[in-house]
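Before any comments, here is the structure.
The values are calculated or read from the model by the stated rules, or taken from the named source; none is laboratory data. None of the values given here were measured: they were computed from a predicted structure. FYI the Cβ positions are ideal-geometry reconstructions off the backbone, even for glycines, and counts take in every protein chain you see.
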Amino acid sequence: MELSLDEFASLARERLDPAVWDFIEGGAGEERTLAANTAAFDRVPLRPSVLRGAGSPHTGTTILGRTWDAPLAVAPVAYHTLADPAGEVATVRGTAAAAGLPVVVSTFAGRTFEDIAAEATVPLWLQVYCLRDRSLTRGLIERAENAGFEALVLTVDAPHLGRRLRDLRNGFRLPAGTVPANLPVDGFADPAAHSRADFDPGLDWSVVEWLRSVSELPLLVKGILTGADAVRAAEAGVDGVMVSNHGGRQLDGVPATLDVLPEVAEAVGGRLPVLLDGGVRRGRDILAALALGADAALVGRPVLHGLAAGGAGGVTGVLSVLLEELTDAMSLAGLRTLADIGPSLVGRAPDHP
Ligand code: FNR
């Protein structure tokens, strides 16, 4: 039985074609941001408080009016069918078997929104790449909304896909059987070329207004890395921000998400929920993110590792390990609920400079 997310990653690596593994695992450029994301969590020590009468921890939280069993969600990752033929359908089944946690479905899902929703007992959110073809983008949103999706997540860090050297070296093409099931577009087998053809690189903040005009669903923006952009997002009227650098796959050299989180959280000032992804690999990482200002964390690659390692059961395994680690860490740190988490949980004590 796998006891850590590293073990699921090792199993996935054994099972996946090396070029597919590289596509999933890789980052842009020299992969400095990719490495920084996990290193940032390694640098943050937790400081427990003892004898607080904490008892058994409760991990539940409320985000955008919905109760989650834990401050954790599945990040949008394209083409789950690369890891398991059932793709996102297996992911939502596997997630539900672990806990009531939302799954953010990519614009580039390998299964249709309708098929995914038919199997889902967990909340579904739609990740939106705003395409040059606005009527196509609107159609995707309408379909997801009709299928019962509960929120939109606009990705704002991808005018086109980043320069990923592993994929360029491998001449990566999507394998037969993996297609963007919700898009009637051509030329998708080369993801980088496809993104240049179909993504709209000229987006500005008015896209928020446009999305508001096509859907009443709550709207989050994903890819915020500065306090200034978080303030702009709040002023533009979004319902939440996601601190994300796309798992180090876009602009290489941008900071680790955990390192910019305090700046973003301070700028938002509690007006909106702040979510974070990038490098979350243990339950204690979720605690660190919450202590530094996040309301919840998301995991991307680990979910695909679970899928490759064991289909829906592998996804359940990955999320269950994270939840068990989270409960364990809360208990050992003297935290009964997430409300007990504050800045004093991380870093040095103020009196020990
Ligand atoms: C992604 N990510 C992503 N993000 C997005 O907004 N739309 C997408 O379609 C995808 N697709 C995608 C594919 C693959 C293979 C990966 C690894 C990532 C980024 C994703 O949502 C998230 O930001 C990162 O994966 C989080 O980092 P970790 O948890 O993978 O370290």
From the options Leu168, Leu136, residue that is of a type outside the set (D, E, K, R) and touching a residue at least 40 places away in the same chain (Cβ under 8 Å): Leu136
Enumeration of residues in region 142-164 that are away from the ligand (no atom under 15 Å from the Cβ), assigned to a helix (DSSP H, G or I) and of a type outside the set (S, T, N, Q): Glu142, Arg143, Glu145
Every residue from region 5-40 that is of a type outside the set (Asp, Glu), more than 10 Å from the ligand (Cβ to nearest atom) and part of a loop (DSSP other than H, G, I, E, B): Leu16, Ala28, Gly29
Selection within region 216-240 - touching a Leu at 6+ places or on another chain (Cβ under 6 Å) and under 17 Å from Leu203 (Cβ atoms): Leu219, Val221, Val238
Unmet requirement for Ser49, which otherwise passes all of (1) more than 16 Å from the ligand (Cβ to nearest atom); (2) of a type outside the set (Val, Ile, Thr); (3) closer than 20 Å to Ser106 by Cβ: (3)
Per-region count, region 230-264, residues away from the ligand (no atom under 16 Å from the Cβ) and either surrounded by 21 or more Cβ atoms within 10 Å (Cβ to Cβ) or without any contact (Cβ under 8 Å) to a residue 12 or more places away in the chain (or both): 2
Any hit, region 272-286, residues being within 15 Å of the ligand (Cβ to nearest atom), more than 13 Å from the chain's Cα centre (by Cα), of a type outside the set (D, E, K, R) and modelled with pLDDT of 95 or more: yes
Odd one out for Val74 among (1) at pLDDT 95 or above; (2) hydrophobic (A, V, I, L, M, F, W, C); (3) surrounded by fewer than 21 Cβ atoms within 10 Å (Cβ to Cβ): (3)
Criterion (in contact with a strand residue (DSSP E or B) (Cβ under 6 Å, 6 or more places away or on another chain) and farther than 25 Å from Ala120 by Cβ) met by exactly one of Val303, Val280, Val268: Val268
Only one of Ser213, Ser195 that is in contact with a Leu (Cβ under 8 Å, 6 or more places away or on another chain), polar (S, T, N, Q) and assigned to a helix (DSSP H, G or I): Ser195
Within region 65-84, considering residues that are over 19 Å from Asp115 (Cα atoms) and either among the acidic types (Asp, Glu) or in a loop (DSSP other than H, G, I, E, B) (or both), the one farthest from the ligand (Cβ to nearest atom): Gly65
Positions within region 88-112 being touching a Phe, Trp or Tyr at 6+ places or on another chain (Cβ under 7 Å) and either among the small types (Gly, Ala, Ser) or within 26 Å of Arg212 (Cβ to Cβ) (or both), in sequence order: Gly100, Pro102, Val104, Val105, Thr107, Phe108, Gly110
Residue match in region 1-17 (condition: within 23 Å of the chain's Cα centre (by Cα), at pLDDT below 95 and more than 21 Å from Ala192 (Cβ to Cβ)): yes
Long-range neighbours under 6 Å by Cβ, at least six apart or interchain, first residue under 15 Å from Ala294 (Cβ atoms) within region 40-69, second hydroxyl-bearing (Ser, Thr, Tyr): Trp68/Thr61
Val122 surrounded by 18 or more Cβ atoms within 10 Å (Cβ to Cβ), away from the ligand (no atom under 16 Å from the Cβ) and not basic (Lys, Arg): yes
